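What follows is a set of notes on a single structure, which appears directly below.
The values are calculated or read from the model by the stated rules, or taken from the named source; none is laboratory data. Note that the structure is a prediction, hence the values are computed from the model and not measured. Cβ sites come from the backbone with ideal geometry, for glycine too, and all protein chains shown count toward neighbours.
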């Protein structure tokens, strides 16, 4: 059992968790934190491999951070230890002595894929050679050039005939037989041009068909290899049941994500089940330079992703007692909505943190459902805009569809002014600024957002410092656009403020709450047309 690592720290007085962590939202157990600390000490001093994580040289474009994970396990004799893993490849290989092996090693020289890759590379070379050959380029050029000339000649003849017919019509000298002769002439001329170009077409398509056949052969081989890889990823669980990626994702609306099965959690659990080790608790953390897209910070803990890992882990953790999702526990707590203002048209409320604006798939309690009960005769969508579940503060509620549309128009036209207060987990060097980072959803880890200049939507935020409080900073945020998680990502991302909001369990570190509050809103009342402002002071 070469991958079982014994604790070097004294853990004799630490109580074991009663259930395994809920993988997608959890705070690491004390044992997991100790194992993480030991693994990080190893990473800081190891000489087993060479990989530039970018810790000492973050400006180097060739550096790459990496996700690591530990799984605290118990042997059948009761002895505790832990396993370590990394996501994907490390130092251009999938195998390292300190870490568990992959579920399936695509790079295994004795496996089928390296041989298949050789075949694909050979096909690529043949295709490139043929496409760039003088013979093919010459045949293609002559055929296409002649084809254009013939098209032009045929078009000119058609134009001449149309002009002659027009003149005959204008002079009242219509001649049906002449029209028929011209049609016959056009068809004959077209056949003549086709016959003339046929040898050139044949020479070109003989070469092109050969290239197309090679491309089809390459596509078929690549598709077969991909399906074969999916079959080879065989995942165990505690009940010794095995299933593969094709079965796991068969009912998914999306394709099997790239890298599925190569994350830390599946690797760790696979090794544990294969060697009769009982999973106790786990933790995954980022080591090295942050990413340019999704938010990953050095030494921060991150849960398993929902897109790639959740379908796999649902199978692998079957039969193991799992902790309740902490989020569901938070949402079960009764939280009161404070009404700041009310008239015949609308409400201005102060939403507590950890309450949904509108109902989710599983959680029905929300601002919308409560307002609906309080005002059963109100029409329209009611909730004019939204706040993240974790964010507290001011929300506008419309009592009719007409008022809803009027307020929505102000949001669309960006005439409504909003101000948020946030407590950041760091000290800022500047006093104010603007953040311009386009955002889109992380398809592999919903509902998280990431920065994407190719497909992201424009997202703008102005900010200013209120005060520094020790190692933290209180700021005002003025969102110019209203993207999902905009303020949270703009705060945490390295190209933004590079310091997450305190308590941000998605992009930073957990705390008693997310320290983000929608404090003030200014808008034009849809009925009176008078500009009004409302404030709900931040509770922190």
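Identify the residue in segment 246-268 that is touching a residue at least 40 places away in the same chain (Cβ under 8 Å) and part of a helix (DSSP H, G or I) and, among all such residues, is nearest to residue 106 (Cα to Cα). Result: 267.
Taking the criterion of being part of a loop (DSSP other than H, G, I, E, B) and more than 27 Å from the chain's Cα centre (by Cα), the residues of segment 64-94 that qualify are 75, 76, 77, 78, 79. Residues in segment 321-355 that are in contact with a strand residue (DSSP E or B) (Cβ under 9 Å, 6 or more places away or on another chain), surrounded by 12 or more Cβ atoms within 10 Å (Cβ to Cβ) and within 24 Å of residue 510 (Cβ to Cβ): 322, 323, 331, 335, 350, 351, 352, 353, 354, 355. Taking the criterion of being farther than 22 Å from residue 516 by Cα and either outside any loop (DSSP other than H, G, I, E, B) or under 28 Å from the mean Cα position of the chain (by Cα) (or both), the residues of segment 388-426 that qualify are 398, 401, 402, 403, 404, 405, 406, 407, 408, 409, 410, 412. For segment 21-42, filtering for residues that are at pLDDT below 95 and not in a loop (DSSP other than H, G, I, E, B) leaves 0. If you go through segment 314-336 and keep only what is assigned to a loop (DSSP other than H, G, I, E, B) and under 33 Å from the mean Cα position of the chain (by Cα), you end up with 317, 318, 319, 320, 321, 323, 324, 325, 333, 334, 335. From the list 142, 149, the one residue that fits, being surrounded by 10 or more Cβ atoms within 10 Å (Cβ to Cβ), without any contact (Cβ under 8 Å) to a residue 40 or more places away in the chain and either assigned by TED's automatic domain parsing to the domain that holds residue 213 or not in a loop (DSSP other than H, G, I, E, B) (or both), is 149.
Scanning segment 113-137 for residues that are more than 14 Å from residue 213 (Cα to Cα), surrounded by fewer than 14 Cβ atoms within 10 Å (Cβ to Cβ) and in contact with a helix residue (DSSP H, G or I) (Cβ under 9 Å, 6 or more places away or on another chain) yields 133, 135, 137.
Taken together, the residues in segment 420-449 that are in contact with a strand residue (DSSP E or B) (Cβ under 8 Å, 6 or more places away or on another chain), over 18 Å from residue 480 (Cα atoms) and surrounded by 14 or more Cβ atoms within 10 Å (Cβ to Cβ) amount to 8. Taking every residue in segment 3-20 that is assigned to a loop (DSSP other than H, G, I, E, B) and pairing it with any residue that is loosely packed, with under 11 Cβ neighbours inside 10 Å, at least 6 positions away or on another chain, the pairs with Cβ-Cβ distances below 7 Å are 19/321.
Within segment 356-378, the set of residues being out of contact with any strand residue (DSSP E or B) (no Cβ under 9 Å at 6 or more places or on another chain) and either touching a residue at least 12 places away in the same chain (Cβ under 8 Å) or not assigned by TED's automatic domain parsing to the domain that holds residue 403 (or both) comprises 362, 370. So for segment 498-508 (the condition being in contact with a strand residue (DSSP E or B) (Cβ under 8 Å, 6 or more places away or on another chain) and surrounded by fewer than 19 Cβ atoms within 10 Å (Cβ to Cβ)), does at least one residue qualify? No.
Annotation note: Cβ proximity below 9 Å between a residue of segment 153-168 that is outside the structural domain of residue 179 (by TED's automatic domain parsing) and modelled with pLDDT of 95 or more and a residue that is assigned to a helix (DSSP H, G or I) and loosely packed, with under 10 Cβ neighbours inside 10 Å (sequence gap 6+ or interchain) occurs for no pair.
Here 250, 289 are screened, and the one residue that is at pLDDT below 95, within 25 Å of the chain's Cα centre (by Cα) and crowded, with 17+ Cβ neighbours inside 10 Å is 289. Screening 219, 203 for residues that are surrounded by 17 or more Cβ atoms within 10 Å (Cβ to Cβ) and either at pLDDT 95 or above or not in a helix (DSSP H, G or I) (or both) leaves exactly one candidate, 203. Looking for something modelled with pLDDT of 95 or more and within 30 Å of residue 29 (Cβ to Cβ) - is there at least one such residue anywhere in segment 472-481? Looking through segment 472-481, at least one residue is modelled with pLDDT of 95 or more and within 30 Å of residue 29 (Cβ to Cβ).
Kindly evaluate residue 242 against the criterion of being without any contact (Cβ under 8 Å) to a residue 40 or more places away in the chain and in the same structural domain as residue 92 (by TED's automatic domain parsing). It is true that residue 242 is without any contact (Cβ under 8 Å) to a residue 40 or more places away in the chain and in the same structural domain as residue 92 (by TED's automatic domain parsing). Each residue in segment 26-40 was checked for being surrounded by 18 or more Cβ atoms within 10 Å (Cβ to Cβ) and closer than 17 Å to residue 505 by Cβ, and 4 pass.
Is one or more of the residues making up segment 274-282 within 28 Å of the chain's Cα centre (by Cα) and in the same structural domain as residue 38 (by TED's automatic domain parsing)? Yes, segment 274-282 contains at least one residue that is within 28 Å of the chain's Cα centre (by Cα) and in the same structural domain as residue 38 (by TED's automatic domain parsing).
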